[in-house]
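The values are calculated or read from the model by the stated rules, or taken from the named source; none is laboratory data. Since this is a predicted model, take the numbers as computed values, not measurements. Cβ: placed from backbone, ideal geometry, glycine included. Neighbour counts: every protein chain shown.
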Amino acid sequence: MRSSHTARLVACSLALLCRAGAAQDIAIDTGAVETARGAFVDRMVAEHGFDRAELTATLASAEINRDVLQAISRPAERVVPWYEYRKIFLTPTRIDAGVQFWRDNAALIEATARERKVEPELLLAIVGIESLFGQRMGRYRVLDSLSTLAFAYPPRARFFGSELEAFLLVSREEGAQVLDALGSYAGAMGAGQFIPSSFRAYAVDADADGRRDLWGDWADILASVANYFQSHGWQSGEPIAAPAMRRADASGAEPKESLELNETVGSLTSLGYVFTTELPAESKALVFALEHDEDSPEYWVGFHNFYVITRYNRSVKYALAAYQLSMAIREGYERTLGGTVQ
(Lines give C-alpha, C1' and ligand atoms only; values in the text may rest on other atoms or scores of the structure.)
Protein backbone atom coordinates (compact mmCIF):
# COMPACT_ATOMS: atom_id res chain seq x y z
CA MET A 1 0.00 0.00 0.00
CA ARG A 2 2.75 2.45 0.94
CA SER A 3 4.71 1.80 -2.28
CA SER A 4 1.51 2.20 -4.35
CA HIS A 5 0.75 5.48 -2.58
CA THR A 6 4.30 6.68 -3.21
CA ALA A 7 3.98 5.78 -6.89
CA ARG A 8 0.77 7.78 -7.16
CA LEU A 9 2.44 10.77 -5.51
CA VAL A 10 5.35 10.58 -7.93
CA ALA A 11 2.96 10.32 -10.87
CA CYS A 12 0.98 13.31 -9.65
CA SER A 13 4.15 15.33 -9.14
CA LEU A 14 5.33 14.53 -12.66
CA ALA A 15 1.91 15.45 -14.06
CA LEU A 16 2.02 18.80 -12.28
CA LEU A 17 5.51 19.49 -13.54
CA CYS A 18 4.45 18.60 -17.10
CA ARG A 19 1.39 20.81 -16.79
CA ALA A 20 3.50 23.74 -15.57
CA GLY A 21 5.89 23.23 -18.46
CA ALA A 22 3.05 23.04 -20.95
CA ALA A 23 1.56 26.25 -19.59
CA GLN A 24 4.84 28.04 -20.16
CA ASP A 25 4.95 26.71 -23.75
CA ILE A 26 1.56 28.15 -24.74
CA ALA A 27 2.07 30.79 -27.40
CA ILE A 28 0.29 34.12 -26.96
CA ASP A 29 0.01 36.46 -29.93
CA THR A 30 0.34 39.83 -28.21
CA GLY A 31 -0.56 41.70 -31.37
CA ALA A 32 -3.80 39.78 -31.71
CA VAL A 33 -4.54 40.37 -28.02
CA GLU A 34 -4.14 44.13 -28.47
CA THR A 35 -6.33 44.14 -31.55
CA ALA A 36 -9.08 42.12 -29.86
CA ARG A 37 -8.90 44.28 -26.74
CA GLY A 38 -9.20 47.47 -28.77
CA ALA A 39 -12.22 46.17 -30.68
CA PHE A 40 -13.83 45.14 -27.41
CA VAL A 41 -13.33 48.61 -25.93
CA ASP A 42 -14.88 50.17 -29.04
CA ARG A 43 -17.95 47.97 -28.66
CA MET A 44 -18.38 48.59 -24.93
CA VAL A 45 -18.14 52.34 -25.45
CA ALA A 46 -20.62 52.31 -28.32
CA GLU A 47 -23.14 49.86 -26.87
CA HIS A 48 -22.96 50.51 -23.13
CA GLY A 49 -21.51 54.00 -22.74
CA PHE A 50 -18.33 53.01 -20.89
CA ASP A 51 -15.67 55.66 -20.54
CA ARG A 52 -12.97 54.78 -23.09
CA ALA A 53 -9.93 55.83 -21.07
CA GLU A 54 -11.17 54.20 -17.87
CA LEU A 55 -12.09 50.92 -19.56
CA THR A 56 -8.82 50.84 -21.50
CA ALA A 57 -6.90 51.23 -18.24
CA THR A 58 -8.98 48.52 -16.53
CA LEU A 59 -8.37 46.00 -19.30
CA ALA A 60 -4.69 46.93 -19.55
CA SER A 61 -4.36 45.92 -15.89
CA ALA A 62 -5.66 42.41 -16.64
CA GLU A 63 -3.07 39.64 -16.83
CA ILE A 64 -3.12 37.27 -19.80
CA ASN A 65 -2.73 34.09 -17.76
CA ARG A 66 -1.14 31.01 -19.32
CA ASP A 67 -2.45 28.75 -16.55
CA VAL A 68 -5.98 29.74 -17.52
CA LEU A 69 -5.32 28.72 -21.12
CA GLN A 70 -3.95 25.38 -19.95
CA ALA A 71 -6.88 24.72 -17.61
CA ILE A 72 -9.56 25.51 -20.19
CA SER A 73 -8.19 22.80 -22.47
CA ARG A 74 -8.60 19.98 -19.91
CA PRO A 75 -11.76 20.33 -17.80
CA ALA A 76 -12.27 17.47 -15.34
CA GLU A 77 -15.70 16.61 -16.74
CA ARG A 78 -14.06 15.61 -20.03
CA VAL A 79 -10.82 13.94 -18.97
CA VAL A 80 -11.51 12.28 -15.59
CA PRO A 81 -13.40 8.95 -15.60
CA TRP A 82 -16.53 8.75 -13.45
CA TYR A 83 -15.04 6.48 -10.78
CA GLU A 84 -12.33 9.12 -10.18
CA TYR A 85 -14.58 12.16 -10.72
CA ARG A 86 -17.03 10.89 -8.10
CA LYS A 87 -14.28 10.63 -5.50
CA ILE A 88 -13.54 14.34 -5.84
CA PHE A 89 -16.97 15.32 -4.49
CA LEU A 90 -18.42 12.33 -2.63
CA THR A 91 -16.04 12.53 0.32
CA PRO A 92 -16.77 12.26 4.05
CA THR A 93 -15.26 15.72 4.53
CA ARG A 94 -17.57 17.36 2.00
CA ILE A 95 -20.63 15.46 3.20
CA ASP A 96 -19.93 16.28 6.84
CA ALA A 97 -19.35 19.93 5.93
CA GLY A 98 -22.72 19.98 4.18
CA VAL A 99 -24.47 18.46 7.19
CA GLN A 100 -22.86 20.99 9.52
CA PHE A 101 -23.65 23.88 7.18
CA TRP A 102 -27.29 22.80 7.15
CA ARG A 103 -27.37 22.60 10.93
CA ASP A 104 -25.80 26.05 11.27
CA ASN A 105 -28.12 27.68 8.71
CA ALA A 106 -31.25 25.51 8.90
CA ALA A 107 -33.81 28.32 9.14
CA LEU A 108 -32.44 30.20 6.11
CA ILE A 109 -31.88 27.06 4.01
CA GLU A 110 -35.31 25.61 4.64
CA ALA A 111 -37.11 28.95 4.20
CA THR A 112 -35.35 29.47 0.86
CA ALA A 113 -36.21 25.94 -0.25
CA ARG A 114 -39.89 26.39 0.62
CA GLU A 115 -40.17 29.80 -1.01
CA ARG A 116 -38.32 28.82 -4.19
CA LYS A 117 -39.63 25.24 -4.35
CA VAL A 118 -36.21 23.63 -4.72
CA GLU A 119 -35.10 20.91 -2.29
CA PRO A 120 -32.64 22.13 0.36
CA GLU A 121 -30.25 19.22 -0.19
CA LEU A 122 -29.85 20.18 -3.85
CA LEU A 123 -28.97 23.77 -2.95
CA LEU A 124 -26.35 22.44 -0.54
CA ALA A 125 -24.97 19.96 -3.07
CA ILE A 126 -24.43 22.73 -5.60
CA VAL A 127 -22.59 25.12 -3.25
CA GLY A 128 -20.76 22.08 -1.83
CA ILE A 129 -19.44 21.08 -5.22
CA GLU A 130 -18.83 24.59 -6.48
CA SER A 131 -17.09 26.16 -3.50
CA LEU A 132 -17.10 23.78 -0.49
CA PHE A 133 -19.79 25.96 1.11
CA GLY A 134 -18.01 29.20 0.37
CA GLN A 135 -14.54 28.10 1.44
CA ARG A 136 -13.07 27.80 -2.08
CA MET A 137 -14.40 30.36 -4.52
CA GLY A 138 -11.45 30.41 -6.88
CA ARG A 139 -7.91 31.73 -7.05
CA TYR A 140 -7.98 33.62 -10.34
CA ARG A 141 -9.02 37.24 -10.63
CA VAL A 142 -12.17 37.06 -12.75
CA LEU A 143 -11.07 40.03 -14.83
CA ASP A 144 -7.81 38.21 -15.68
CA SER A 145 -9.53 34.92 -16.55
CA LEU A 146 -12.14 36.47 -18.81
CA SER A 147 -9.67 38.81 -20.50
CA THR A 148 -7.35 35.87 -21.19
CA LEU A 149 -10.10 33.77 -22.73
CA ALA A 150 -11.73 36.65 -24.62
CA PHE A 151 -8.51 37.98 -26.17
CA ALA A 152 -6.07 35.04 -26.24
CA TYR A 153 -8.21 31.94 -26.75
CA PRO A 154 -9.62 32.07 -30.31
CA PRO A 155 -11.68 28.83 -30.12
CA ARG A 156 -14.12 30.43 -27.64
CA ALA A 157 -13.29 34.11 -27.90
CA ARG A 158 -16.85 35.06 -28.85
CA PHE A 159 -18.38 33.33 -25.84
CA PHE A 160 -15.87 34.67 -23.33
CA GLY A 161 -16.03 38.12 -24.89
CA SER A 162 -19.73 38.14 -24.09
CA GLU A 163 -18.97 36.96 -20.55
CA LEU A 164 -16.39 39.72 -20.11
CA GLU A 165 -19.03 42.16 -21.31
CA ALA A 166 -21.50 40.79 -18.74
CA PHE A 167 -18.85 40.93 -16.02
CA LEU A 168 -18.12 44.59 -16.64
CA LEU A 169 -21.84 45.31 -16.57
CA VAL A 170 -22.12 43.41 -13.27
CA SER A 171 -19.30 45.52 -11.83
CA ARG A 172 -21.14 48.66 -12.86
CA GLU A 173 -24.44 47.41 -11.42
CA GLU A 174 -23.14 45.89 -8.18
CA GLY A 175 -20.16 48.11 -7.40
CA ALA A 176 -16.61 48.51 -8.66
CA GLN A 177 -15.22 46.17 -5.98
CA VAL A 178 -16.43 43.27 -8.13
CA LEU A 179 -13.54 43.99 -10.50
CA ASP A 180 -11.12 42.49 -7.97
CA ALA A 181 -13.27 39.41 -7.28
CA LEU A 182 -11.65 35.98 -7.44
CA GLY A 183 -13.22 33.07 -9.27
CA SER A 184 -12.51 30.06 -11.45
CA TYR A 185 -10.24 29.84 -14.48
CA ALA A 186 -13.38 30.20 -16.62
CA GLY A 187 -14.62 33.31 -14.85
CA ALA A 188 -17.24 31.70 -12.60
CA MET A 189 -17.91 33.71 -9.44
CA GLY A 190 -19.07 33.36 -5.88
CA ALA A 191 -20.19 30.43 -3.74
CA GLY A 192 -22.42 29.15 -6.53
CA GLN A 193 -19.84 29.83 -9.27
CA PHE A 194 -22.12 31.80 -11.58
CA ILE A 195 -20.65 32.93 -14.87
CA PRO A 196 -21.32 36.65 -15.35
CA SER A 197 -24.25 36.22 -17.75
CA SER A 198 -25.93 33.89 -15.24
CA PHE A 199 -25.21 36.39 -12.48
CA ARG A 200 -27.06 39.08 -14.40
CA ALA A 201 -29.94 36.77 -15.31
CA TYR A 202 -30.51 34.78 -12.11
CA ALA A 203 -28.79 36.40 -9.11
CA VAL A 204 -31.25 37.56 -6.46
CA ASP A 205 -31.09 40.27 -3.80
CA ALA A 206 -32.96 38.08 -1.33
CA ASP A 207 -32.47 40.29 1.73
CA ALA A 208 -33.26 43.52 -0.15
CA ASP A 209 -30.05 45.29 0.90
CA GLY A 210 -29.52 46.73 -2.59
CA ARG A 211 -26.81 44.27 -3.66
CA ARG A 212 -26.71 40.80 -5.13
CA ASP A 213 -23.78 39.46 -3.11
CA LEU A 214 -22.86 35.94 -4.19
CA TRP A 215 -19.63 35.89 -2.17
CA GLY A 216 -20.68 36.49 1.43
CA ASP A 217 -24.46 36.86 1.70
CA TRP A 218 -25.98 33.39 2.08
CA ALA A 219 -29.53 34.67 1.67
CA ASP A 220 -28.55 35.96 -1.78
CA ILE A 221 -26.43 32.91 -2.63
CA LEU A 222 -29.03 30.27 -1.82
CA ALA A 223 -31.89 32.21 -3.37
CA SER A 224 -29.85 32.76 -6.53
CA VAL A 225 -29.00 29.06 -6.93
CA ALA A 226 -32.64 28.18 -6.29
CA ASN A 227 -33.78 30.82 -8.78
CA TYR A 228 -31.51 29.32 -11.42
CA PHE A 229 -33.09 25.90 -10.98
CA GLN A 230 -36.61 27.26 -10.74
CA SER A 231 -36.08 29.31 -13.91
CA HIS A 232 -34.94 26.20 -15.77
CA GLY A 233 -38.03 24.21 -14.85
CA TRP A 234 -37.19 22.39 -11.64
CA GLN A 235 -40.13 20.26 -10.45
CA SER A 236 -40.11 20.04 -6.66
CA GLY A 237 -40.71 16.55 -5.34
CA GLU A 238 -40.03 14.86 -8.68
CA PRO A 239 -37.26 12.23 -8.99
CA ILE A 240 -33.85 13.04 -10.40
CA ALA A 241 -32.23 9.78 -11.49
CA ALA A 242 -32.33 6.03 -10.97
CA PRO A 243 -29.65 3.34 -11.32
CA ALA A 244 -30.39 0.92 -14.14
CA MET A 245 -29.38 -2.47 -15.44
CA ARG A 246 -29.10 -3.29 -19.12
CA ARG A 247 -30.45 -6.74 -19.91
CA ALA A 248 -28.25 -9.08 -21.88
CA ASP A 249 -30.84 -9.09 -24.67
CA ALA A 250 -31.11 -5.26 -24.76
CA SER A 251 -31.47 -3.80 -28.22
CA GLY A 252 -29.46 -0.95 -29.67
CA ALA A 253 -25.94 0.31 -29.07
CA GLU A 254 -24.43 1.28 -25.74
CA PRO A 255 -25.83 4.66 -24.64
CA LYS A 256 -23.80 7.81 -25.17
CA GLU A 257 -23.47 10.77 -22.80
CA SER A 258 -26.46 12.63 -24.20
CA LEU A 259 -27.78 15.69 -22.39
CA GLU A 260 -31.14 15.52 -24.14
CA LEU A 261 -34.35 13.93 -22.88
CA ASN A 262 -34.59 11.89 -26.08
CA GLU A 263 -36.29 8.82 -24.58
CA THR A 264 -39.20 8.06 -22.26
CA VAL A 265 -39.59 5.75 -19.28
CA GLY A 266 -41.56 3.41 -21.53
CA SER A 267 -39.12 3.45 -24.45
CA LEU A 268 -36.15 2.71 -22.20
CA THR A 269 -37.99 -0.20 -20.66
CA SER A 270 -38.73 -1.58 -24.12
CA LEU A 271 -35.07 -1.18 -25.07
CA GLY A 272 -34.07 -3.49 -22.22
CA TYR A 273 -33.22 -1.14 -19.35
CA VAL A 274 -34.44 -2.19 -15.91
CA PHE A 275 -34.92 0.58 -13.34
CA THR A 276 -37.40 1.67 -10.69
CA THR A 277 -39.57 4.78 -10.91
CA GLU A 278 -43.15 5.80 -10.17
CA LEU A 279 -43.20 8.12 -13.17
CA PRO A 280 -45.63 7.23 -15.96
CA ALA A 281 -44.38 5.56 -19.12
CA GLU A 282 -44.66 8.75 -21.20
CA SER A 283 -42.33 10.73 -18.90
CA LYS A 284 -39.25 12.08 -20.68
CA ALA A 285 -35.94 10.47 -19.78
CA LEU A 286 -32.38 9.89 -20.89
CA VAL A 287 -30.00 6.99 -20.33
CA PHE A 288 -26.24 7.06 -20.00
CA ALA A 289 -23.32 4.82 -19.07
CA LEU A 290 -20.35 5.88 -16.97
CA GLU A 291 -17.17 4.12 -15.92
CA HIS A 292 -17.89 2.16 -12.75
CA ASP A 293 -14.25 1.11 -12.74
CA GLU A 294 -11.56 0.54 -15.35
CA ASP A 295 -13.35 -2.48 -16.79
CA SER A 296 -17.11 -2.10 -16.45
CA PRO A 297 -19.86 0.50 -16.93
CA GLU A 298 -22.73 1.53 -14.70
CA TYR A 299 -26.04 2.64 -16.18
CA TRP A 300 -28.29 5.46 -15.06
CA VAL A 301 -31.59 6.87 -16.17
CA GLY A 302 -32.04 10.62 -15.76
CA PHE A 303 -35.43 12.28 -15.55
CA HIS A 304 -36.56 15.87 -16.09
CA ASN A 305 -34.89 17.19 -12.92
CA PHE A 306 -31.62 15.51 -13.89
CA TYR A 307 -31.77 17.40 -17.16
CA VAL A 308 -32.33 20.65 -15.21
CA ILE A 309 -29.12 20.04 -13.23
CA THR A 310 -27.25 19.72 -16.52
CA ARG A 311 -28.38 23.27 -17.32
CA TYR A 312 -26.17 24.39 -14.40
CA ASN A 313 -23.20 22.43 -15.74
CA ARG A 314 -23.44 20.64 -19.09
CA SER A 315 -22.14 17.31 -17.84
CA VAL A 316 -23.87 14.09 -16.81
CA LYS A 317 -20.96 13.43 -14.44
CA TYR A 318 -21.57 16.75 -12.70
CA ALA A 319 -25.33 16.19 -12.50
CA LEU A 320 -24.93 12.69 -11.08
CA ALA A 321 -22.35 13.86 -8.55
CA ALA A 322 -24.70 16.66 -7.46
CA TYR A 323 -27.58 14.20 -7.08
CA GLN A 324 -25.53 11.70 -5.08
CA LEU A 325 -24.00 14.39 -2.88
CA SER A 326 -27.45 15.85 -2.19
CA MET A 327 -28.72 12.44 -1.04
CA ALA A 328 -25.67 11.87 1.14
CA ILE A 329 -26.01 15.29 2.80
CA ARG A 330 -29.73 14.77 3.41
CA GLU A 331 -29.17 11.32 4.93
CA GLY A 332 -26.41 12.68 7.17
CA TYR A 333 -28.54 15.62 8.29
CA GLU A 334 -31.53 13.42 9.07
CA ARG A 335 -29.33 11.13 11.15
CA THR A 336 -28.31 14.08 13.31
CA LEU A 337 -31.97 14.95 13.85
CA GLY A 338 -33.10 11.41 14.50
CA GLY A 339 -35.82 11.72 11.84
CA THR A 340 -36.66 12.89 8.34
CA VAL A 341 -36.81 16.44 7.02
CA GLN A 342 -40.10 17.47 5.45
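Here are the numbers:
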{"item": "Test: residue in segment 300-318 that is of a type in the set (Ser, Thr, Tyr), in contact with a His (Cβ under 9 Å, 6 or more places away or on another chain), crowded, with 19+ Cβ neighbours inside 10 Å and under 18 Å from residue 86 (Cα atoms)", "result": "yes"}
{"item": "Residue within segment 288-303 that is of a type outside the set (A, V, I, L, M) and within 20 Å of residue 114 (Cα to Cα) present", "result": "no"}
{"item": "Tabulated pairs, segment 163-184, first more than 14 Å from residue 195 (Cβ to Cβ), second of a type in the set (Gly, Ala, Ser) and assigned to a loop (DSSP other than H, G, I, E, B), C-beta under 8 angstrom, 6+ apart or interchain", "result": "182/138"}
{"item": "Residue within segment 204-217 that is closer than 19 Å to residue 305 by Cβ and of a type in the set (D, E, K, R) present", "result": "no"}
{"item": "Unmet requirement for residue 332, which otherwise passes all of (1) in contact with a Ser or Thr (Cβ under 6 Å, 6 or more places away or on another chain); (2) assigned to a helix (DSSP H, G or I); (3) over 27 Å from residue 195 (Cβ atoms)", "result": "(1)"}
{"item": "Identity of the residue in segment 205-229, in a loop (DSSP other than H, G, I, E, B), modelled with pLDDT of 95 or more and among the small types (Gly, Ala, Ser), that ends up surrounded by the fewest Cβ atoms within 10 Å (Cβ to Cβ)", "result": "208"}
{"item": "Enumeration of residues in segment 148-193 that are crowded, with 20+ Cβ neighbours inside 10 Å, in a helix (DSSP H, G or I) and among the hydroxyl-bearing types (Ser, Thr, Tyr)", "result": "148"}
{"item": "Checklist (1) modelled with pLDDT of 95 or more; (2) among the polar types (S, T, N, Q); (3) more than 24 Å from residue 194 (Cα to Cα) applied to residue 340, failing item", "result": "(1)"}
{"item": "Counted residues, segment 44-73 - those being of a type in the set (D, E, K, R), in contact with a helix residue (DSSP H, G or I) (Cβ under 8 Å, 6 or more places away or on another chain) and assigned to a helix (DSSP H, G or I)", "result": "3"}
